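Working notes, structure below.
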Amino acid sequence: MSLEKKVLPLAVIVMGVSGCGKSSVGERIAARNGMPFVEGDQLHPAANVEKMAQGIPLTDEDRLPWLDRIGEEIKTALNASRGLVVSCSALKRSYRDRLRQAAGGRLAFVFLEGSRELLLSRMQARQGHFMPASLLDSQLQTLEPPTGETGVVTVAIDGALDDMVALACEELRGTAIKGGFHAG
């Protein structure tokens, strides 16, 4: 079942630490709902990518320009009355609040949650990604889970991808109805 357009948040951030499946889940949520998908990693300044590739964790100062670029993508989509799904770690509440502000509050989050062991095994198995598995622990230490925040649905990453996407879409629909999210 796809999300109903009239209750869909116009922007959805698929969030979590590296290796949780943000891109895979985000692409499928977007495709199921006829929305564009933006790979948040592609919006990182080159200096951030280089730093992470060297195994150096990003600081708040490194992340803020990146978050602002994502916020601009969201604003552009909302101003055009288009839906948008973006992958973004959004590790801290202050980061999520910054993105909410950019979206004028018309934003929901899908938090992909899993054990360190599962995340590490996924990171070690992927090829061609700039983020080394050695940075997982720094991301987990930085992560402020969005427990209790409005407009957030949590999906465990230990299931099949299609099941995770179906659950995320159903939960987003429920959040949209209860939380007053709507298109327009």
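The values are calculated or read from the model by the stated rules, or taken from the named source; none is laboratory data. It should be emphasised that the depicted structure is a prediction, and the values quoted were computed from it without experimental measurement. Glycine also receives a Cβ, built like all others from the backbone with ideal geometry; neighbour counts cover every protein chain displayed. Accessible surface is based on the protein model in full, side chains and every heavy atom, while ligands, DNA and RNA are left aside. Shrake-Rupley method; radii C 1.70, N 1.55, O 1.52, S 1.80 Å.
May I ask you to verify whether Ile13 is buried (at least 18 other Cβ atoms within 10 Å of the Cβ) and part of a helix (DSSP H, G or I)?
Against the criterion (buried (at least 18 other Cβ atoms within 10 Å of the Cβ) and part of a helix (DSSP H, G or I)), Ile13 does not qualify.
Applying the criterion of being assigned to a loop (DSSP other than H, G, I, E, B) and modelled with pLDDT of 90 or more to the residues of region 113-145, the residue that is surrounded by the most Cβ atoms within 10 Å (Cβ to Cβ) is Gly114.
Condition check: among the β-branched types (Val, Ile, Thr), closer than 14 Å to Lys22 by Cβ, modelled with pLDDT of 80 or more and not in a strand (DSSP E or B). Does Val110 satisfy that? No: the conditions fail for Val110.
Would you check which residues across region 54-90 are assigned to a loop (DSSP other than H, G, I, E, B) and within 16 Å of Leu143 (Cα to Cα) and list them?
Pro57, Leu58, Thr59, Cys88, Ser89, Ala90
Every condition in (1) within 15 Å of Val14 (Cβ to Cβ); (2) open to solvent by 70 Å² or more (accessible area, probe 1.4 Å) is met by Gly148 except one, and the failing one is (1). Considering region 77-99, the residues that are open to solvent by 40 Å² or more (accessible area, probe 1.4 Å) and in contact (Cβ under 8 Å) with a residue 60 or more places away in the chain include one that is farthest from Asp41 (Cα to Cα), namely Ser81.
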